[in-house]
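The values are calculated or read from the model by the stated rules, or taken from the named source; none is laboratory data. On a predicted model such as this, the values are computed, not experimentally measured, just so you know. Note that we place each Cβ from the backbone using ideal geometry, even for glycine, and neighbour counts take in every protein chain shown. Just the protein is used for accessible areas: all its heavy atoms, side chains included, with ligands, DNA and RNA removed. Shrake-Rupley method; radii C 1.70, N 1.55, O 1.52, S 1.80 Å.
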Amino acid sequence: MTRVAVAGGTGLVGRHVVDVLRERGDDPVVLSRSAGVDLVSGSGAADALRGCEAVIDVSNVTTTRRAPAEAFFGAVTRTLTTAGIEAGVRHLVALSIVGIDRVPFGYYFGKRRQEELLRASELPSTVLRATQFHEFAGQLLARSPGPVAFVPRMRAQPVAAREVA
């Protein structure tokens, strides 16, 4: 049984990752504030990662603005790589998005920052770029406050969040 930490393990993709790990007989460790881990400040991260072979980062922030996205993904990636090295983690896998280097969207700058920090880290890592999820349309509509929703025009080839997990 492999012990695997899941950053963002209570979110849309994270819940599926935790389920898949359990189905495979692995031991998922959900990194969350409710479990005493603050991914942004780093509080509790090193202790939570002790004994974990790997970390899967599917953490997320709800923003379309560049500065908050870069701050969030930068802080979380620094926390996971620094605490991971300290705890003896062997590998980190991070979820990213197909095409982020071609679209000047604020959130995508944050994901690019995450990838840059992973490439510069001493902790071996893998970046999995996925397309938008089927669930994305519902997420957009849930954030719309009124009876009319403005949906961005975009070409997409969606994938199920469970498939990515």
(request) Starting from segment 145-165, take each residue that is without any contact (Cβ under 8 Å) to a residue 60 or more places away in the chain and list its partners that are open to solvent by 100 Å² or more (accessible area, probe 1.4 Å), counting only C-beta distances under 6 angstrom and pairs at least six apart or across chains. (result) Pro158/His134; Ala160/His134
(message) Can you tell me which residue is modelled with the lowest pLDDT among those in segment 49-66 that are of a type in the set (D, E, K, R) and more than 17 Å from Asp27 (Cα to Cα)?
(response) Arg65
(request) Of the conditions (1) assigned to a helix (DSSP H, G or I); (2) more than 24 Å from Glu163 (Cα to Cα), Tyr108 clears all except one; give me its number. (result) (2)
(message) Please go through segment 25-53 and give me each residue that is acidic (Asp, Glu) and more than 16 Å from the chain's Cα centre (by Cα), ordered by number.
(response) Asp26, Asp27, Asp47, Glu53
(message) Filter segment 88-130 down to the residues that are open to solvent by 60 Å² or more (accessible area, probe 1.4 Å) and in contact with a Phe, Trp or Tyr (Cβ under 7 Å, 6 or more places away or on another chain) and list them by number.
(response) Arg113
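Return a yes/no flag: does segment 24-31 have any residue that is part of a helix (DSSP H, G or I) and touching a strand residue (DSSP E or B) at 6+ places or on another chain (Cβ under 6 Å). Reasoning before the result, please.
Start the filter on segment 24-31 by keeping residues that are part of a helix (DSSP H, G or I), which leaves none.
No - not one qualifying residue is present in segment 24-31.
Every residue in segment 49-71 that is part of a loop (DSSP other than H, G, I, E, B), among the hydrophobic types (A, V, I, L, M, F, W, C) and touching a Phe, Trp or Tyr at 6+ places or on another chain (Cβ under 6 Å), please.
Step one: of segment 49-71, the residues part of a loop (DSSP other than H, G, I, E, B) are 50-53, 58-65.
Filter once more, keeping what is among the hydrophobic types (A, V, I, L, M, F, W, C): 52, 58, 61.
If the condition is that a residue be part of a loop (DSSP other than H, G, I, E, B), among the hydrophobic types (A, V, I, L, M, F, W, C) and touching a Phe, Trp or Tyr at 6+ places or on another chain (Cβ under 6 Å), then Val61 is the only one that fits.
Which ones in segment 64-95 are farther than 13 Å from Val4 by Cβ and without any contact (Cβ under 8 Å) to a residue 40 or more places away in the chain? Working first, answer last.
We begin by selecting, within segment 64-95, every residue farther than 13 Å from Val4 by Cβ; these are 64-79, 81-83, 85-86, 88, 94-95.
Listed by number, the residues that qualify are Ala67, Ala71, Phe72, Ala75, Arg78, Ile85, Gly88, Ala94.
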(request) Among residues belonging to segment 67-84 that are farther than 17 Å from Val29 by Cβ and of a type in the set (A, V, I, L, M, F, W, C), point out the one that is surrounded by the fewest Cβ atoms within 10 Å (Cβ to Cβ). (result) Ala67
(message) Of all residues being closer than 25 Å to Val164 by Cα and in a helix (DSSP H, G or I) in segment 35-48, which is modelled with the lowest pLDDT? Just the residue, please.
(response) Ala35
(message) Based on this model, can you work out whether Ala165 counts as loosely packed, with under 11 Cβ neighbours inside 10 Å, under 30 Å from Thr82 (Cβ atoms) and at pLDDT 90 or above?
(response) no
(message) Quick check on my filter: what residues within segment 1-58 are among the hydrophobic types (A, V, I, L, M, F, W, C) and open to solvent by 70 Å² or more (accessible area, probe 1.4 Å)?
(response) Met1, Val40
